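I have placed the structure first, in the form of structure tokens, so that the comments after it can refer back to it.
The values are calculated or read from the model by the stated rules, or taken from the named source; none is laboratory data. Fair warning: this is a prediction, and the values are worked out from it, not measured in the lab. Cβ placement follows ideal geometry from the backbone for every residue including glycine, while neighbour counts extend to all protein chains displayed. With ligands, DNA and RNA removed, areas are computed over all heavy atoms of the protein, side chains included. Shrake-Rupley method; radii C 1.70, N 1.55, O 1.52, S 1.80 Å.
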Amino acid sequence: MQSAPVQYLDALSSEDGASRAIELFRDTFGAEPDGVWSAPGRVNLIGEHTDYNAGLCLPIALPHRTFVALSARGDDTVRLVSSIGDGGVTTVDLGGLAARGVHGWAAYPAGVAWALRENGFDGVRGFDAAFVSCVPVGGGLSSSAAMTCSTALALDDVYGLGFGNSDEGRVTLIGAAMKAENDMAGASTGGLDQNASMRCTPGHAILLDCRPELDAFHSVTQQPFDLEALGLELLVLDTQAAHQLNDGQYETRRGMCEDAARLLGVKNIRVVADEISHSVGLDRAVTASGGICAHDFENVVESADAALAEVLGRLSDETMKRRVRHVVTEIWRVPQFVAAFSAGDVKMAGELFNASHDSLAADYEVTVPELDVAVDTARRNGAYGARMTGGGFGGSIIALVDKGQGRRVAQSIADGFAAHGFRAPRALAAVASDSARREA
């Protein structure tokens, strides 16, 4: 059965997004906002379920953003409206608000103000806000971080906190956005999404090093990510399979990883990954960026795998072994991808995408049939590599394809979805975009 043409999602321009948010604000609150701010969704190139294991991640910001028109209030009332929904106003009182005290989508923006106050910024009061977004909701592209980060930047401006104008200052706002998600909304996050939304720059991915001994500012380095230079396109396809991280699956895996680290006598699984990498020379081979022949590199990888198997032998639970194996090998794949892409080795970059997805499916068990069908179809239709991105259990895949081939590959996936009786997917083309900003 042939499907309908795949739905391609275009990003709102800055002008269009700002004007829509202002119009919604005027229609809802009968006044002019103090300004409009926006923050992007993100897509993680590689490094999945590594952030809370002190590992490495490589996200880029999407051109797709959430826009918020916002005005400060003189009391503790928060009034919120969104273009996604029934248009009704949700009201929250910040006075006496406690963790988990707000339910539904309003927990995210209201939680940012609550988190700032909890962190000692008592001058933050209530606000009116109208949200307009083109970040797919439920697609694993961090629509929640786009909302919390745009809110944090807006509150920073209207209440004169002074953190939003520097990369170092934004670390404080990232902390508030994370606290809103973790403690108010109850959706666990390790910081990847908020760092990408607040700190990415055009034409770059950020290499996020989540080791706790690094301060938050120095945990990020900018890595060039120029698809155009290599004649490539990054297809992002939202499977529209329900994406939920607050149903216990995320917390179960995170807890098992923490238990494994305790059993192995280390602070976190990153320690295991680094010790093995250094002992067999994997770290030195990767930083050589092509200065080692493929045969020698394969030997080093085999040695690393053998050393990992020995470590896993100290764990008795088979599921725990698989979880740890994914985390360690995924941490290793991140610098390998950076080196391969930097050297223009598209074949290797694609193979690392494939290995990441296969590990997420078999060892971490966070894929669903829609994700696997989309990845398999992309690979069969010319993608150099494809993988799920985000937390899993639904959401999106990414595929590295030749420039101009994204729509064809997306349509092939849509056709495959129709044959399986799946809901029609949505697609967009990703570029490395910029971070949260003031729009008007």
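Answer yes or no as to whether Thr389 is closer than 30 Å to Val68 by Cβ and either out of contact with any Lys or Arg (no Cβ under 7 Å at 6 or more places or on another chain) or open to solvent by 10 Å² or more (accessible area, probe 1.4 Å) (or both).
yes
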Boolean, Met178 is open to solvent by less than 10 Å² (accessible area, probe 1.4 Å) and either under 11 Å from Thr148 (Cα atoms) or touching a residue at least 24 places away in the same chain (Cβ under 8 Å) (or both) = no
Of the numbered conditions (1) touching a strand residue (DSSP E or B) at 6+ places or on another chain (Cβ under 6 Å); (2) without any contact (Cβ under 8 Å) to a residue 12 or more places away in the chain, Ala106 fails exactly one; give the number of that condition.
-> (2)
From (1) open to solvent by less than 10 Å² (accessible area, probe 1.4 Å); (2) assigned to a loop (DSSP other than H, G, I, E, B), pick out the condition that doesn't hold for Ala154.
-> (2)
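Every residue in the stretch 224-239 that is surrounded by fewer than 18 Cβ atoms within 10 Å (Cβ to Cβ) and touching a strand residue (DSSP E or B) at 6+ places or on another chain (Cβ under 7 Å), please.
Passing the criteria: Pro224, Gly231.
Table: residues versus (1) modelled with pLDDT of 95 or more; (2) within 21 Å of Phe353 (Cβ to Cβ); (3) buried (at least 17 other Cβ atoms within 10 Å of the Cβ); (4) of a type outside the set (S, T, N, Q).
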| site | (1), (2), (3), (4) |
| --- | --- |
| Ala185 | yes, no, yes, yes |
| Gly191 | no, no, yes, yes |
| Ala196 | yes, yes, yes, yes |
| Ala205 | yes, yes, yes, yes |
| Phe217 | no, no, no, yes |
Top-ranked residue of the stretch 111-138 - restricted to ones that are part of a strand (DSSP E or B) and of a type in the set (Gly, Ala, Ser), ranked as most open to solvent (accessible area, probe 1.4 Å) = Ser133
For the subset of the stretch 365-375 comprising residues that are assigned to a helix (DSSP H, G or I) and touching a residue at least 24 places away in the same chain (Cβ under 8 Å), which member is most open to solvent (accessible area, probe 1.4 Å)?
-> Pro369
Among (1) assigned to a loop (DSSP other than H, G, I, E, B); (2) in contact with a Ser or Thr (Cβ under 8 Å, 6 or more places away or on another chain); (3) closer than 21 Å to Leu56 by Cα, which single condition is Asn195 missing?
-> (1)
Could you list, in sequence order, the residues of the stretch 393-425 that are crowded, with 24+ Cβ neighbours inside 10 Å and in contact with a His (Cβ under 9 Å, 6 or more places away or on another chain)?
-> Gly395, Ser396, Ile397
